[in-house]
Amino acid sequence: MKTEDVVFDEKGLVPAIVQDARSKTVLTLAYMNEEALKHTLQRKETVFYSRSRQELWHKGETSGNTQKVEAITYDCDQDAVLVQVTPAGPACHTGSYSCFKDALHTEESDRYRMLTELGELLAKRKAELPEGSYTSKLFQEGVDRIAKKIGEEAGEVIIAAKNDDREELALESADLLFHLLMLLTDRNVPLDDVLAVLEERHSN
């Protein structure tokens, strides 16, 4: 990507849509001028242009809630950029994981969207680490503890299957899926990557 390929507006700015690379949740909408975009590419962390203060600001410089840049792409007109990041904390100044949290309209039609929503929730928990949360505790204990939980839940699934207990098998399978998604979130592997592997195998 070359910064000269990006089309900046009459004020020298381009809108930057920031998305969590893991959960695919849109975190915020900010603006960059050419200097901010260059700094972002060099630092591999987001740097924006504040329209109110008329100056550059490095996201997380004071709060510690930085955003590690995984990829930057621009749209077909080259006048907007999509910045995919791994956040080190909440994106919103209010302390929320995402600035977009109030729905104007929503329509639920895909029952399997629960997996996507769970992935989004786990990414939020990892970013915010709310006190007293079970997931916060596991994320803080690290990959070994999460992996151990997967082993425990896998054992419970096997026992339920061998006991031919349909209800228990469904419950334990849900626990296993939950902790597997936790591990993927902890290791910064998007669920989309797993689905892509399944799609590739299915097509062969």
Per residue, how much accessible area does region 53-182 have with a 1.4 Å probe, in Å²?
66
Quick one: which residues, 5+ away or cross-chain, put their amide H under 5 Å from the amide H of residue 27? H built at 1.01 Å from N.
18, 19, 20
Provide the per-residue ³J(HN,Hα) series for region 190-204, in order, calculated from phi with Karplus coefficients 6.51, -1.76, 1.60 and θ = phi - 60°, each as a whole number of Hz, with x at glycine and proline positions.
x, 4, 4, 5, 5, 5, 5, 5, 5, 5, 4, 5, 5, 7, 8
What lysines does residue 148 reach when the alpha-carbon gap must be under 16 Å and sequence neighbours fewer than 8 apart in one chain are set aside?
137
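At a threshold of 8 angstrom on Cα-Cα distance, excluding pairs fewer than six apart, so keeping six or more, what relative contact order does the chain reach in percent? Can you show the working numbers first?
Values: 294 pairs, mean separation 35.3, N = 204.
Averaging sequence separation for qualifying contacts and normalising by length gives 17 percent for the chain.
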Quick one: which residues, 5+ away or cross-chain, put their amide H under 5 Å from the amide H of residue 32? H built at 1.01 Å from N.
14, 16, 49
For region 8-24, in order, what is each residue's ³J(HN,Hα) by Karplus, 6.51 cos²θ - 1.76 cosθ + 1.60 with θ = phi - 60°, in whole Hz (x at glycine and Pro)?
8, 6, 5, 9, x, 10, 9, x, 10, 8, 9, 10, 5, 5, 8, 8, 6
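Could you give the alpha-carbon Rg of region 44-188 over 2.2 N^0.38 Å, rounded to two decimals? Please report the intermediate quantities before stating the final value.
Numbers: Rg = 19.3 Å, N = 145, 2.2 N^0.38 = 14.6 Å.
Taking N as the residue count of region 44-188, the ratio is 1.32.
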Cα-based Rg / Dmax (Å) for region 1-120
15.0, 45
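Which entries in the list 44/101; 59/126; 101/149; 2/68; 2/101 go over 23 Å, if you measure between the two C-alpha atoms of each? Let's see the in-between values first.
On the way: 44/101 26 Å; 59/126 18 Å; 101/149 30 Å; 2/68 19 Å; 2/101 33 Å.
Over 23 Å apart, Cα to Cα: 44/101; 101/149; 2/101.
Calculate what fraction, in whole %, of the accessible area of the chain sits on carbon and sulfur atoms when a 1.4 Å probe is rolled over the protein chains. Before the final figure, lay out each step's value.
Details: 6550 of 12970 Å².
After summing per-atom areas, the C and S share lands at 51 percent.
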Show which aspartates and glutamates lie in cross-link reach of residue 162 when reach means a straight Cα distance below 20 angstrom and same-chain residues fewer than eight apart are skipped.
152, 153, 172, 175
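The values are calculated or read from the model by the stated rules, or taken from the named source; none is laboratory data. What you are looking at is a predicted structure, and each value in this text was computed from that prediction instead of being measured. These area figures cover heavy atoms from the full protein model, side chains too; ligands, DNA and RNA do not enter into them. Shrake-Rupley method; radii C 1.70, N 1.55, O 1.52, S 1.80 Å.
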